[in-house]
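Down below is the structure, laid out as structure tokens.
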Amino acid sequence: MEMPNDSIEKIHAEVISCKSCDLCKNRTNAVPGDGDSKASIMFIGEAPGRNEDEKGKPFVGMAGKILDETLAKVGLIRSRVYITNVVKCRPPGNRVPTDDERQVCKDYLEREISIVSPKIICILGRTAYQSLLGGNSILGNRGKFIQKDNRLYFLTVHPAALIYNNKLRKILELDMETLAREYRRLELT
Ligand code: SF4
């Protein structure tokens, strides 16, 4: 539930100076979410990578480029969505964040979701799937919508996975088409 007087700006300020878990020790910058705080679609990835850590913004490296291109192909505009990660600081060597790190950082994510109040939360990859819905196989469930606790989730692969497996490009594009269709339907209702 949204707390009175909470705001995306407040969360961002807290994230930037947060030292609640050990991921703060190796970061260059913490990486709060970015985009339209009134967006109808929120994307949630795993964690910042090297480029994101350097710039302090999410999805600005190769994975971000893939995401932007795929959004554009289906007619979605990056500046009109909100993009964030399960954890806001880069894990060393881009390892998967631990359960403890995800748990400690979860309050920021929950507050972002409450304030933006998106119509659809698009989960990018297995870590976000595990963290938000307790799921495991993103490839086995991608392309699906899941309704839980008054939120509508959509599952797809993480754009970074395409860097190593180009066969996933078609899958991401198909899923984004599905997402864009549902988004347009919801905007009309
Ligand atoms: S990962 Fe999250 S909880 Fe850990 S230091 Fe960064 S902002 Fe704080």
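The numbers here are math on the coordinates, done by the rules we state, and not lab data. Small disclaimer: the values here were computed from a predicted structure and weren't measured. Note that each Cβ is placed from the backbone with ideal geometry, even for glycine, and that neighbours are counted across all protein chains shown.
Give me the percent relative contact order of the chain, please, defined on Cα pairs under 8 angstrom at least 6 residues apart. Working shown, then result.
On the way: 338 pairs, mean separation 45.6, N = 189.
Reported relative contact order: 24 percent.
Work from the charge dipole of the chain (Cβ charges, +1 for Lys and Arg, -1 for Asp and Glu, about the Cα centre) and give the residue of V15, G64, Q130 farthest towards its positive end.
Of V15, G64, Q130, it is G64.
Taking 7 Å along the Cα-to-C-beta vector as the label spot, tell me the N136-I16 distance in nanometres, rounded to one decimal.
Label at N136, label at I16, 4.1 nm between them.
Measure off 7 Å from each Cα along the Cα-to-Cβ vector at S117 and R184, then give the distance between these two points in nanometres to one decimal.
With each label point 7 Å from Cα toward Cβ, the separation is 2.6 nm.
Looking at the chain, send over the antiparallel percent of its DSSP beta bridges, to the nearest 5.
Working: 6 of 18 bridges.
Roughly 35 percent of the DSSP beta bridges within the chain come out antiparallel.
Pairwise over distinct Cα atoms, reciprocal of the mean inverse distance: report the Kirkwood radius of the stretch 78-189 in Å, one decimal place. It would help to have the intermediate numbers written out before the result.
Numbers: mean 1/r = 0.0668 Å⁻¹.
Here the Kirkwood hydrodynamic radius works out to 15.0 Å.
Could you pull out the longest piece of the chain with no exposed loop trypsin sites (Lys or Arg not before Pro) in it, calling a site exposed if DSSP puts it outside H, G, I, E, B and it has at most 14 other Cβ atoms within 10 Å? Don't jump to the answer; show the numbers that get you there.
Numbers: sites that count: K19, K25, K38, R95, K144, K167.
Longest gap between qualifying sites, sites excluded: 39-94.
Give me the distance between the Cα centres of the stretch 13-83 and the stretch 92-110, rounded to whole Å.
What the calculation gives is 14 Å, centre to centre.
Where a ≥ b ≥ c are the square roots of the eigenvalues of the C-alpha gyration tensor, would you call the stretch 1-141 rounded, which needs a/c under 1.5, or, failing that, prolate if a/b is larger than b/c, or oblate?
rounded
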